[in-house]
Amino acid sequence: MSAAIQINTLSKTFANGRKALQQIDLCIAPGEMVALIGASGSGKSTLLRHMAGLMAGDAHAAGSVEIHGRTVQCNGKIAPDIRSVRSGVGFIFQQFNLVGRLPVIINVLAGTLHRVPLWRSLIRWFTSEEKARGIEALRRVGIAECWAQRASTLSGGQQQRAAIARAMVQGARVVLADEPIASLDPESARKVMEVLARVNREDQCTVVVSLHQVNVAMKYCARAIALHQGKVVYDGPSVGLTPEVLRGLYGAEADDILSLGDHISSLEDKLKPVPHLVWPAAMRPLARVA
Ligand SMILES: Nc1ncnc2c1ncn2[C@@H]1O[C@H](COP(=O)(O)OP(=O)(O)OP(=O)(O)O)[C@@H](O)[C@H]1O
Ligand SMILES: [Mg+2]
């Protein structure tokens with residue numbers, strides 16, 4: 001079976017000379033839920049954007065990204081059929097990316113637009129079956145009652161959940177979420193993380209989520225990948241990211257990460273185990289990368 005996400009020797013140097021990604025090699029198996037952690041500026045957003053083909057790596061280096069065996073980019077060039085590859089990838093941004101003036105259901109059904117003929121999408125006409133799928137996805141993320149509301153009137157957490165519903169309707173097999181809980185209050189953040197975990201567990205969707213809070217990573221993701229100055233410095237079980245390990249990886253910067261605390265686990269459910277939080281024997285063993 002091919003990897004869900006395969007990255008080989010990917011580097012990114014911005015025009016100002018900043019090396020945001022340095023020789024990244026990663027293999028993420030189908031159905032994994034992986035946290036991407038690291039201090040501000042460590043390269044999390046840049047890596048997620050490269051995974052989605054929203055950004056191309058260095059042209060002079062032989063880097064590549066594949067999703068389910070299909071090329072996203074290679075040697076600094078985005079694949080010509082990227083739209084088709086991307087139709088299987090849902091991207092959740094920190095700053096909500098819904099069209100505020102349109103109803104929630106239309107935003108969610110926008111996830112089907114790659115399948116809908118242009119004339120139908122232009123007049124925003126969806127079949128009743130498509131609408132039912134949209135409502136079902138909204139039900140699964142817990143906001144079915146909001147289907148007719150303008151997206152701009154949803155709370156931040158509801159908007160994130162609507163974006164996840166859109167990825168579900170899109171039929172995404174890979175969901176990439178860039179700090180989806182950064183702007184949310186604890187309860188909303190918890191709901192968003194639970195919904196991502198559900199999509200992962202129930203739909204076997206591969207999820208890569210960048211997070212600042214290590215404890216949230218530990219709670220929801222079996223595997224964590226830590227970045228530091230554009231390099232992978234840790235790739236292994238998230239529970240292995242103890243304060244000592246973090247200090248070894250980040251030095252004084254670890255305190256920035258640790259000082260964020262864990263606003264989710266302070267909630268009532270903090271002791272409730274998350275069923276999928278097991279490190280399958282078949283997966284990669286603890287690997288610390290120098
Ligand atoms: N368009 C750009 N031009 C130049 N430098 C950039 C650009 N985008 C990002 N960078 C730099 O690349 C590095 C990685 O940025 P990135 O946004 O990926 O970090 P991050 O880990 O997502 O940080 P945060 O946690 O603050 O979101 C940073 O040093 C940033 O300043
Ligand atoms: Mg970022």
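The values are calculated or read from the model by the stated rules, or taken from the named source; none is laboratory data. All values derive from a computational prediction rather than experimental measurement. Using ideal geometry, Cβ is built from the backbone for each residue, glycine included, and neighbour counts are taken over all protein chains shown. Just the protein is used for accessible areas: all its heavy atoms, side chains included, with ligands, DNA and RNA removed. Shrake-Rupley method; radii C 1.70, N 1.55, O 1.52, S 1.80 Å.
Candidates are the residues of segment 143-178 that are out of contact with any His (no Cβ under 7 Å at 6 or more places or on another chain) and of a type in the set (D, E, K, R); the one that is surrounded by the most Cβ atoms within 10 Å (Cβ to Cβ) is Arg161. Looking only at segment 48-57, decide whether some residue is in contact (Cβ under 8 Å) with a residue 60 or more places away in the chain and part of a loop (DSSP other than H, G, I, E, B). Yes, segment 48-57 contains at least one residue that is in contact (Cβ under 8 Å) with a residue 60 or more places away in the chain and part of a loop (DSSP other than H, G, I, E, B). Restricting segment 1-20 to residues that are touching a Gly at 6+ places or on another chain (Cβ under 7 Å) and either under 26 Å from Thr242 (Cβ atoms) or charged (D, E, K, R) (or both), the residue that is nearest to ligand 2 (Cβ to nearest atom) is Lys12.
Pick from Ala182, Ala172: which is more than 11 Å from the chain's Cα centre (by Cα), of a type in the set (A, V, I, L, M, F, W, C) and farther than 18 Å from Asn107 by Cβ?
Ala182
Among the residues making up segment 179-193, those that are touching a Gly at 6+ places or on another chain (Cβ under 9 Å), assigned to a helix (DSSP H, G or I) and surrounded by fewer than 23 Cβ atoms within 10 Å (Cβ to Cβ) are Glu187, Ser188, Lys191. Applying the criterion of being under 16 Å from the mean Cα position of the chain (by Cα) and open to solvent by 10 Å² or more (accessible area, probe 1.4 Å) to the residues of segment 45-65, the residue that is farthest from ligand 1 (Cβ to nearest atom) is Leu54.
Sub-6 Å Cβ pairs linking a first residue in segment 66-91 that is without any contact (Cβ under 8 Å) to a residue 24 or more places away in the chain to a second residue that is in a helix (DSSP H, G or I) and open to solvent by less than 20 Å² (accessible area, probe 1.4 Å), at least 6 apart or interchain, are Arg70/Val85; Val72/Val85, ordered by first then second residue.
Of everything in segment 34-44 that is near ligand 2 (Cβ under 9 Å from one of its atoms) and modelled with pLDDT of 95 or more, the residue that is farthest from the chain's Cα centre (by Cα) is Gly43.
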